[in-house]
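The values are calculated or read from the model by the stated rules, or taken from the named source; none is laboratory data. These numbers come from a predicted model, not from an experiment. Virtual Cβ from ideal backbone geometry, glycine too; neighbours counted across all protein chains shown.
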Amino acid sequence: MAVLDQAAGAPAPDAVFEPRITAFVCNWCTYAGADLAGTSRLKYPANIRVIKLTCTGRIAPGFILKAFQEGADGVLVSGCHPGDCHYTSGNYYARRRWTIFRQLLDFAGIDSRRVQFSWVSAAEGRKWSELVGRVTEDVRALGPFSAFHAITRSCTGSEE
Amino acid sequence: MIDQLRQRARELLETGQAAVVIGYGERAGDGRPVPLFVTQPAETARLVFTPACVDNLARYLTRKDVQALGRPALVATPPTIKAVAVLVQENQLAADGLVLIGVCCEAPGTAGTACALLAGATLAELEAEVAGRLRGQELTEAALARVAALEAQSADERWAFWEAEFARCIRCYACRQACPLCYCEQCIVEKNQPQWVPSSPHPLGNTLFHFYRAFHLAGRCVLCDACAEACPMDIPLGLLNRKLAREVRDNFAYEAGYDHTAPPAMASYRSSDQEAFIR
């Protein structure tokens, strides 16, 4: 947590809240799309930390929980469009998992806007940059994920 | 009815069709039903079956020490049969690797109601029998009333509700031990390289544990409520299970435990699965 705090910088008391967002993306589509956004010099908020995995099928729900545990205020999960998966069907399995997992989080009282899902292809650099912008604004509007961070602190005993 | 059950158990042991009958017996003293493992024909007289026999005995089928006893015959209530169907579906058991003695009470848990043996001997026949009795009766509006009431609240109210519930958890894992479908040799809560769930009964570990428990049973839970029965702190685990069971039914048109030949909901997909939430 301390490291993340450092990365975000110590905000001034009345500064705009800068959310920390973790993005789990697949290697073949969304990571390439994000790369395209970069090489195309498209701007998007620097609130996002991208973690690349082979496939959305590899993104276990535990990763999302772990991100919150480590101080994230929001999570974005993104991969290949249906039919485009490098491994044929990883994104279809992932879609089923997300369908149920987001319902579980919602039922537990976690706002659905904190965990967002998208399909971004290798050609969709613009979609990626706009998506990151929208997700950042959503999470900024929700504010810090104090509820989750409070239970995390209760366990580790660390002070923010 | 109990004579038929004992007779059937005796036959199975005498003919060698089963090496052990897993059923219910009475605890000395208070007569409370407890699991009973019978290996000798003469001992079958100790078997009982009453409306109080609600433990899901399918949980013993995946245990190595029980498997070491030999081919089992299982006294199986409708939820137990559903759990067996899921275990077969997930390749934890062979459908012909055990004998099922289907039993049923009119109102399980209510003393004095009539009990009977179920017609059918094979898993497929018993599945059909159980479907006739239970399918469509489990996720009714009445059964989901508490789920709906919680959904009607705000996200903050729901968080507060579960925070209070999870805070009571003492992490005894009785829910996991009682569940016939929590059969992983190493549970995620005991993994520590990396550690996914802090092991102390603190709010974070408790919350994560209950998220994992519920999610790992999504599309698999047979709604037997063995976990909730086992919970010494009365955490409403059935509420989480029913919420996810309803989501699986509504999104994937799937109900666990009625067809051991079907692909499991969370290990299969349709290209037409809805995805309105994906941007």
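Can you tell me which of (1) surrounded by fewer than 18 Cβ atoms within 10 Å (Cβ to Cβ); (2) more than 8 Å from chain B (Cβ to nearest Cβ) is the one residue A:145 doesn't meet?
Of the numbered conditions (1) surrounded by fewer than 18 Cβ atoms within 10 Å (Cβ to Cβ); (2) more than 8 Å from chain B (Cβ to nearest Cβ), the odd one out for residue A:145 is (1).
Return yes or no: is residue A:136 more than 10 Å from every other protein chain (Cβ to nearest Cβ) and assigned to a helix (DSSP H, G or I)?
On the way: more than 10 Å from every other protein chain (Cβ to nearest Cβ): yes; assigned to a helix (DSSP H, G or I): yes.
Considered against the rule, which asks whether it is more than 10 Å from every other protein chain (Cβ to nearest Cβ) and assigned to a helix (DSSP H, G or I), residue A:136 comes out as yes.
Of all residues in segment A:56-105, which are assigned to a strand (DSSP E or B) and within 10 Å of chain B (Cβ to nearest Cβ)? Spell out how you get there, then give the answer.
So the first thing to find is which residues in segment A:56-105 are assigned to a strand (DSSP E or B), and the list is A:74-79.
The answer is A:76, A:77, A:78, A:79.
Results for (1) in contact with a Phe, Trp or Tyr (Cβ under 6 Å, 6 or more places away or on another chain); (2) surrounded by fewer than 16 Cβ atoms within 10 Å (Cβ to Cβ); (3) not in a loop (DSSP other than H, G, I, E, B), shown as yes or no for each residue.
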residue: B:34; (1), (2), (3): no, yes, yes
residue: B:52; (1), (2), (3): no, no, no
residue: B:102; (1), (2), (3): no, no, yes
residue: B:110; (1), (2), (3): no, yes, no
residue: B:119; (1), (2), (3): no, yes, no
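Could you figure out which of (1) within 15 Å of the chain's Cα centre (by Cα); (2) at the interface with chain B (Cβ under 7 Å from one of its Cβ atoms); (3) in a loop (DSSP other than H, G, I, E, B) isn't true of residue A:109?
(1)
Applying the selection to segment B:231-274, what residues are within 17 Å of residue A:94 (Cα to Cα), in contact with a helix residue (DSSP H, G or I) (Cβ under 7 Å, 6 or more places away or on another chain) and surrounded by fewer than 16 Cβ atoms within 10 Å (Cβ to Cβ)?
Within segment B:231-274, B:264, B:271, B:273, B:274 qualify.
Can you list residue pairs whose Cβ atoms sit under 9 Å apart, with the first residue in segment B:155-173 being over 13 Å from residue A:107 (Cα atoms) and more than 9 Å from every other protein chain (Cβ to nearest Cβ) and the second being in a helix (DSSP H, G or I) and among the small types (Gly, Ala, Ser)? Count only pairs 6 or more apart in sequence or on different chains.
Here the result reads B:169/B:205; B:171/B:205; B:172/B:230, each pair linking segment B:155-173 to a residue that is in a helix (DSSP H, G or I) and among the small types (Gly, Ala, Ser).
Failed condition for residue A:158, given (1) touching an Asp or Glu at 6+ places or on another chain (Cβ under 9 Å); (2) part of a loop (DSSP other than H, G, I, E, B); (3) at pLDDT below 95, with all others met?
(1)
Give me the helices (runs of 4 or more DSSP H) completely within segment B:132-199, filtered to those with at least 2 residues that are more than 17 Å from the chain's Cα centre (by Cα) and surrounded by 13 or more Cβ atoms within 10 Å (Cβ to Cβ), ordered by residue number. Spell out the reasoning first.
Numbers: elements: B:145-151, B:155-167, B:174-178.
In segment B:132-199, B:145-151, B:155-167 are the helices (runs of 4 or more DSSP H) which contain 2 or more residues that are more than 17 Å from the chain's Cα centre (by Cα) and surrounded by 13 or more Cβ atoms within 10 Å (Cβ to Cβ).
Just checking, does segment B:202-214 include any residue being among the small types (Gly, Ala, Ser), assigned to a helix (DSSP H, G or I) and in contact (Cβ under 8 Å) with a residue 12 or more places away in the chain? Even if it seems obvious, please write down each step before you answer.
To start, the set of residues in segment B:202-214 that are among the small types (Gly, Ala, Ser) comprises B:205, B:214.
Narrowing the set further to residues that are assigned to a helix (DSSP H, G or I) leaves B:205, B:214.
Those still in the list that are in contact (Cβ under 8 Å) with a residue 12 or more places away in the chain too: B:205, B:214.
Yes, some residue in segment B:202-214 is among the small types (Gly, Ala, Ser), assigned to a helix (DSSP H, G or I) and in contact (Cβ under 8 Å) with a residue 12 or more places away in the chain.
If you take the residues of segment B:223-279 that are outside any helix (DSSP H, G or I) and of a type in the set (A, V, I, L, M), which of them is nearest to the other protein chains (Cβ to nearest Cβ)?
My answer is B:278.
Sort out which residues of segment B:49-76 are β-branched (Val, Ile, Thr) and modelled with pLDDT under 95, and write them in order of number. Quick ask: steps written out before the conclusion?
As a first pass, look at segment B:49-76 and keep what is β-branched (Val, Ile, Thr): B:50, B:54, B:62, B:66, B:75.
Scanning segment B:49-76 gives B:50, B:54.
Residue-by-condition table, conditions (1) in the same structural domain as residue B:57 (by TED's automatic domain parsing); (2) in contact with a helix residue (DSSP H, G or I) (Cβ under 6 Å, 6 or more places away or on another chain):
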| site | (1), (2) |
| --- | --- |
| B:115 | yes, no |
| B:123 | yes, no |
| B:165 | no, no |
| B:180 | no, yes |
| B:185 | no, no |
| B:188 | no, yes |
| B:213 | no, no |
| B:222 | no, yes |
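Please enumerate the residues belonging to segment A:40-51 that are over 24 Å from residue B:212 (Cβ atoms) and in contact (Cβ under 8 Å) with a residue 24 or more places away in the chain.
To start, the set of residues in segment A:40-51 that are over 24 Å from residue B:212 (Cβ atoms) comprises A:40-48, A:50.
Result: A:40, A:42, A:43, A:44, A:45, A:47, A:48, A:50.
Please count how many residues of segment A:25-55 are of a type in the set (A, V, I, L, M), within 28 Å of residue A:96 (Cβ to Cβ) and assigned to a loop (DSSP other than H, G, I, E, B).
Of the residues in that region, 0 qualify.
Can you find even one residue in segment B:184-199 that is closer than 14 Å to residue B:233 by Cβ and in contact with a Cys (Cβ under 7 Å, 6 or more places away or on another chain)? Break it down stepwise before answering.
Within segment B:184-199, the first condition is being closer than 14 Å to residue B:233 by Cβ, and the residues that meet it are none.
Within segment B:184-199, not a single residue is closer than 14 Å to residue B:233 by Cβ and in contact with a Cys (Cβ under 7 Å, 6 or more places away or on another chain).
Kindly indicate which of A:89, A:40 is surrounded by fewer than 18 Cβ atoms within 10 Å (Cβ to Cβ) and touching a Gly at 6+ places or on another chain (Cβ under 6 Å).
Details: A:89 fails: touching a Gly at 6+ places or on another chain (Cβ under 6 Å).
Answer to the selection: A:40.
Scan segment A:112-127 for residues that are of a type in the set (Lys, Arg) and over 17 Å from the mean Cα position of the chain (by Cα) and report the count. Can you show your working first?
Of segment A:112-127, the ones of a type in the set (Lys, Arg) are A:113-114, A:126-127.
Now narrow it down to the ones that are over 17 Å from the mean Cα position of the chain (by Cα): A:126.
Number of matching residues: 1.
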